[in-house]
Amino acid sequence: ATAIHRADYTAPAYWIDTVELVFDLDPAKTRVLNKMRLRRNGDVAPQALRLDGEELNLARVLVNGQGTSFKMDGNQLVLENLPEGPDAFDLEIFTTCNPAKNTKLMGLYVSNDSFFTQCEAEGFRRITYFLDRPDVMASYTVTLRADKAKYPVLLSNGNLVEEGELEDGRHFAKWVDPHKKPCYLFALVAGQLVAREQRIRSRAGKDHLLQVFVRPGDLDKTEHAMNSLMASVAWDEARFGLPLDLERFMIVATSDFNMGAMENKGLNIFNTKYVLANQATATDADFSNIESVVGHEYFHNWTGNRVTCQDWFQLSLKEGLTVFRDQEFSQDLAGSPSARAVKRIEDVRVLRTAQFPEDAGPMAHPVRPDSYIEINNFYTVTIYEKGAEVVRMMQTLVGRDGFAQGMKLYFERHDGQAVTCDDFAQAIADANPQSDLARLLPQFKRWYSQAGTPRLHASGQYDAAARTYTLSLTQSCAPTPGQALKDPFVIPVNLGLLDAQGQALPLQLAHWAQAETGTRTFVLTEASETLTFVNVDSAPVPSILRDFSAPVVLDYAYTDTELLTLLAHDSDPFNRWEAGQRLALARALKAIQGDSDLAQTPVLDDAYLDAMRQVLADPTLDAAFKELVLTLPSETYLAEQLDVVDPQRIHAVREAMREQLATALQTQWQQAWEDNRDTGGYRPDPVSSGRRALAGLALTQLCVAARRSGDTVWPGKAFQRFKDAANMTDRFNALSALVISGHELAAPALSRFHALFKNEALVIDKWFSLQAGAPDHGGHVLPAVRQLMTHPDFNLRNPNRARSVIFSYCSANPGAFHRSDAAGYVFWADRVIELDAINPQVAARLARALDRWKKLAEPYRSAAREAIARVAAKADLSNDVREVVTRALA
Ligand code: B3K
Ligand code: ZN
C-alpha cells in the first residue's frame, strides 16, 4: 500500500449528476443495478474514467444502453472509450455482492437478519463501482426490493415516493433524496424494525417526521434518543439559524457497528449503544453520550452534509466543527455555569488522556494531515477533539456572536459544495474583519498544519514597590514524525489574577486607560512575550488558561499555597478543578519517581487531604463538580507526564492514593453517601446525575477503606444497594464498588447481574467490560479476560463485545495489561492478528494500544517492541493494521 498525499489532490475528471440504484436484497447475493448520468469535467484534461470497486462481482457495463469495452486496473474499473465532448451520458453497471460474508462492516452487510450500510469513508465502492470521493456530489434515487416477510421495512435517504408488492412475496420501496450528496452519505436499511415517531413543527413553521427505528422489543428504550433529536433540531435553529432541511429524519439502531454512529443524509445509522436507554439498563453516562451522539450526527446535517469535505485530508472540517457543536449543545442543555463547567472538564479530560498521547506518539498528525495510507486510521482524537479545540479557539477570538456570523457566511458561500479547512477559517475571519483571528489568520492556521501539543511556560514576578506584576509566557512544541521544527502558534490565554485571599484583582496593562475585572483573553503569538500589569496591590496568584482556552500543556511552578487558593476561590470552575488535579499530580509524580515503600510512606499529606475534605463538605459546590475534583488523575494521564514509564509503579502509587483518600476522608464519604444516595424518581439531568456520581464514588471509597480495615459493613451495604437499586447507574456503581475494592461479594454480585440482564446485550457489554477493566490483584485480570473470551456470550465478530473485553483490558487497564512477564502484550498481538482477519478497522484501533511503547521502562519496553514486531512480521496484514504497526516501529 502506498501513501496518499494531500498535495496530490486534483479535481475529478468526471462529474456524476444523478444515480439510480436498484437493489435486489439477498444476504448471500445482492444484485445492484447502478445507472449514472455522467459528464466530463471540462476543467480537467480528457482522460479515462476510473471507478473504484472492492469485493464486487461485475456482470455488465452499458454506455448509453450499449455494451462497451472496459478493463480492470487493480480494484478500478477503467473505461476508455466514452463519448467525447461535454454532453452527459448514461453508464449502467450491474454487480453483485455478498452482504452475509461482510465481516468488515463496511459497505452493505447483514446484522441480526437485517441489512445495513456503512459507506464513510470508502465503503460505497463495496456496493457498486463509483467515483468514491467526497467531492463528487450526485442526486440519488434508490429502489429497494426484498422479501416482504423477512424485510418489511425498506429505508434509504430522502423521501419515500413509491412502495408496493412484487411477485414471490417480495415488495419494493423507492426513495428520492432531494439533496445532492457525496456517496459516503448514502445509506440503506432493510429488516424487521419498529419506529418511535414524532411530528414536529419548526420555528419556520415547517412540519417534519422524526423516526427512531429499532428491533421489536427495544421501543421502550427510544424515548431519550427521540428527546435528544428534538432538542438537537431546536438548538441548531436557535443557536445557528440552521433548520432541518428534510421532511423526514430517521435514526436506525444496529448492534453491529464499527464506531458510534453515522450521519447518512436523513438516515442516520447508530450503534445501539448510542440509541437505546431506559433507567433500568442505561447509566447516566449512557444517557449523556446518547444526547451528544444524536446531536453530533444531527448537526452533521449542515456541517458535513450540506457543506462537505473536498477530500479526506479535510476530515476535521466536518468532524472538529461538529464535535465543537455537540459540545456546545450539551453545555447549553446543561444550563447552569457549574453544569457547563462539568461538561467542559469532561471534554478536556478526554483531550488530555487520549489526544495528547496521540500527539506525542508515532501516530501524531496535524488536524489536517498531509498524508495517510488508510483513511480509516485518521478518524482520530486529533481530527475530532483537537479539531474541536481549534474551532473553539476561533470562537474565543471572534466571540460567540462573531462565530455565529462566521458560520452564516460559511453557509452563504459554500452551501452545496465540497470545501477545505481553509475555506472554513476564511469565512469565520472574513465575517469578523476587526478580530484577532482576521489579523492573525495565516499564523492561526498552524493549528491545522503542525502536529504536537504546544507547551506554554509561564512565570510571574511581583514588584511590590512598583506595584507591577510581570507574567512571562513562552511557547514551544516538541518534534513530531516528519516535523522537526515548529513555528509559534496563536494561543488565546484566558487569564485572571487573584490575591492571596482569593479575591479577584483588577487587570490593567500599562497602556490601558483603566482596569478590567474578571477574565481577559491575551493572545500569544510570539515564542516569548511578557505582560506587565500595573496598579497591582498585592502579589497575585495567576489563573491561567481559564476554561482551558487552548489545547496546550501549561507549565507554571505553582506552589501548594497558590493551588490551594485557586482550588478554594477561583471564579473559573475549570481552573478550580485543575488546581486540585495539580495538587494530586505533584504528589503522585513525586511518589512515582521516588522509590519509597508505599506501605510505609504515605503519598498524600494533610494539606492535600484537608483541601479535599473541604471540597467534599462544601455546601456551595455541586455534587458533579465534587466528584470530578475527588477523582484522581488517571494512570494514562500520569504516564504522559513522565519520560520513562513504569506502569506498575504508577498503578501502585495511584492505588495507594485512592486508599489514603478513602481512609482519611471516611467521615466525609459517609456524609456524601448519605446526602446523595437517594435522588428520587430517575431523571438523567446534570444535577441528579452528579449526585449519583458522587454517591457512587463515595460508595467505592467506603468499600476501599473497608478492604483496608477488614470491615464488612460497607461491602454489605454496597451489595444491598446493588440488589435494590432502582436504576442502572446506582446498580452499576454499587457493583463497581465491589469489583474495584476487590471484595468477595463481587463474584456473587457479578453472577446475579448477568442472570438479571442476560437478554440485554448492552448491559452484558458492561458486565464484560467491568471485569476486564478491574484493578489487578496479583495478576488475576488476564486469566479472567481469557476466561471471559470463552464465555458463551462472547463474540469476537461483534465490535461492541470485542471492545468490551479486549479493549477494556488492553487499552483501558494499564495496571493489568503491562505485566512484567509480557503476557499482556502476547495476548494483545494475538488478538490484533485474529481481529484483523475479521475486521481491520477494529483491529487497527486495538493495535494502537501500544502506541507509547517507547516510553516504557524495561522490561516492558523490549517486550512491547517484540509483540509489535511479531504483528508487523505477518505477511497478510490489512493496510489499517500495517500502517499503525509500521509507524509504531519507525
Ligand atoms: N462520520 C462518522 C465516522 C465514520 C468513520 C468511518 N471509519 C461518524 C461521525 O463522526 O459522526
Ligand atoms: Zn462526526
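Quick note: the coordinates plus some simple rules give every number you see, no bench work behind them. Fair warning: this is a prediction, and the values are worked out from it, not measured in the lab. Neighbour counts are summed over all protein chains in view; Cβ atoms, including those assigned to glycine, are modelled from backbone coordinates with ideal geometry.
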Problem - Within-13-Å neighbourhood charge of residue 3 [Cβ basis; K, R +1; D, E -1] - result: -1
Handout entry: Pairwise label distance in nanometres, residue 247 with residue 538, each label 7 Å out on the Cα-Cβ vector
Key = 6.9 nm
Handout entry: Using a Förster distance of 30 Å, the FRET efficiency for residue 830-residue 643 (Cβ separation, nearest 0.05)
Key = 0.50
Completion exercise
Mean separation of Cα contacts under 8 Å (at least 6 apart) over the residue count of the range 308-449, i.e. the relative contact order in percent, is 33 percent
Practice task
Please go through the residue pairs 221/758; 318/766; 318/408; 29/174; 180/386; 101/150 and name each one whose alpha carbons sit more than 24 Å apart in this structure.
Solution key: 318/766; 180/386
Practice task
Please compute the net charge surrounding residue 795, taking Lys and Arg as +1 and Asp and Glu as -1 over other residues with Cβ under 12 Å from its Cβ.
Solution key: 0
Problem - With Cα atoms, 0 to 90° folded angle of helix 860-872 axis to the chain main axis - result: 0 degrees
Practice task
Have a look at the DSSP beta bridges in the range 193-277 and tell me what percent are antiparallel, nearest 5.
Solution key: 50 percent
Exercise for the section: List, largest first, the extents of the alpha carbons of the range 235-306 along their principal axes, each in whole Å. Expected result: 36, 25, 20
Practice task
Rounded to whole Å and sorted largest first, list the principal axis extents of the Cα atoms in the range 537-638.
Solution key: 42, 31, 31
Problem - Rg [Å, one decimal], Dmax [Å, integer] - the range 63-145, C-alpha atoms - result: 15.0, 48
Exercise for the section: Set Lys and Arg Cβ to +1 and Asp and Glu Cβ to -1, take the dipole of the chain about its Cα centre, and tell me which of 739, 604, 624 lies farthest positive. Expected result: 739
Completion exercise
Long-range share for the chain, i.e. C-alpha pairs more than 50 Å apart as a percent of all pairs, stands at 19 percent
Fill in the blank from the handout: Helix 879-889 sits off the longest principal axis of the Cα atoms of the chain, rounded to the nearest 10 on a 0 to 90 degree scale, by 30 degrees
Completion exercise
In the range 449-540, the GluC sites (Glu not before Pro) that sit in a DSSP loop and have at most 11 other Cβ atoms within 10 Å of their own Cβ are 526
Practice task
Please work out the Kirkwood hydrodynamic radius for the range 31-71, using every pair of different C-alpha atoms, and report it in angstroms with one decimal place.
Solution key: 12.6 Å
Fill in the blank from the handout: Pseudo-spin-label distance residue 159 to residue 777, built 7 Å along Cα→Cβ, given in nm, is 6.3 nm
Practice task
Taking every pair of Cα atoms in the range 604-889, average 1/r, invert it to obtain the Kirkwood radius, and report Rg/Rh to two decimals.
Solution key: 0.99
Fill in the blank from the handout: The simple spin-label model distance between residue 470 and residue 47, using points 7 Å out along Cα→Cβ, in nm, is 5.9 nm
Handout entry: Value in Å of the Kirkwood radius, where the range 1-123 supplies the Cα pairs that are averaged
Key = 16.1 Å
Completion exercise
Restricting to lysines and to Cα separations under 20 Å from residue 206, and discarding same-chain partners fewer than 8 apart, the set is 265
Completion exercise
For the chain, the longest principal axis of the Cα atoms and the Cα long axis of helix 560-569 enclose an angle in degrees, to the nearest 10, of 70 degrees
Exercise for the section: Over the alpha-carbon set of the range 455-566, work out the extent along each principal axis and list the three values in angstrom, largest first. Expected result: 48, 32, 25
Problem - Rg to Rh, two decimals, where the range 130-202 supplies the alpha carbon set and Rh follows Kirkwood - result: 1.04
Exercise for the section: Give me the percent of DSSP beta bridges within the range 455-557 that run antiparallel, rounded to the nearest 5. Expected result: 90 percent
Exercise for the section: Over 13 Å, how big is the tail of the calculated P(r) for the range 314-372, in percent of all Cα pairs? Expected result: 68 percent
Completion exercise
P(r) over all Cα-Cα pairs of the range 749-854, 5 Å bins from 0 to the longest distance, whole percent per bin, short to long, reads 2, 13, 25, 25, 19, 11, 5, 1, 0
Fill in the blank from the handout: Taking a label point 7 Å from the Cα of residue 670 along Cα-to-Cβ, the residues of the range 701-733 whose backbone nitrogen sits under 16 Å from it are 701-718
Practice task
Kindly identify the range 308-449 as rounded, prolate or oblate by the Cα gyration tensor criterion: order the square roots of the eigenvalues as a ≥ b ≥ c, call it rounded if a/c is under 1.5, otherwise compare a/b with b/c, prolate if a/b is larger, else oblate.
Solution key: oblate
Practice task
Just need the Rg to Rh number for the range 193-277, please, alpha carbons only, Kirkwood Rh.
Solution key: 0.97
Exercise for the section: Count the DSSP beta bridges whose two residues both fall in the chain, then state the antiparallel fraction as a percent rounded to the nearest 5. Expected result: 80 percent
Problem - Note, ³J(HN,Hα) from phi for the range 193-204, Karplus 6.51, -1.76, 1.60, rounded to Hz, x at Gly and Pro - result: 10, 10, 10, 8, 10, 8, 9, 10, 10, 7, 3, 7
Handout entry: Overall dimensions of the range 599-653 as given by Cα atoms, namely Rg and Dmax in Å
Key = 14.1, 41
Exercise for the section: Please find the FRET efficiency linking residue 869 to residue 754, where r is the Cβ-Cβ separation and R0 is fixed at 41 Å, and quote it to the nearest 0.05. Expected result: 0.60
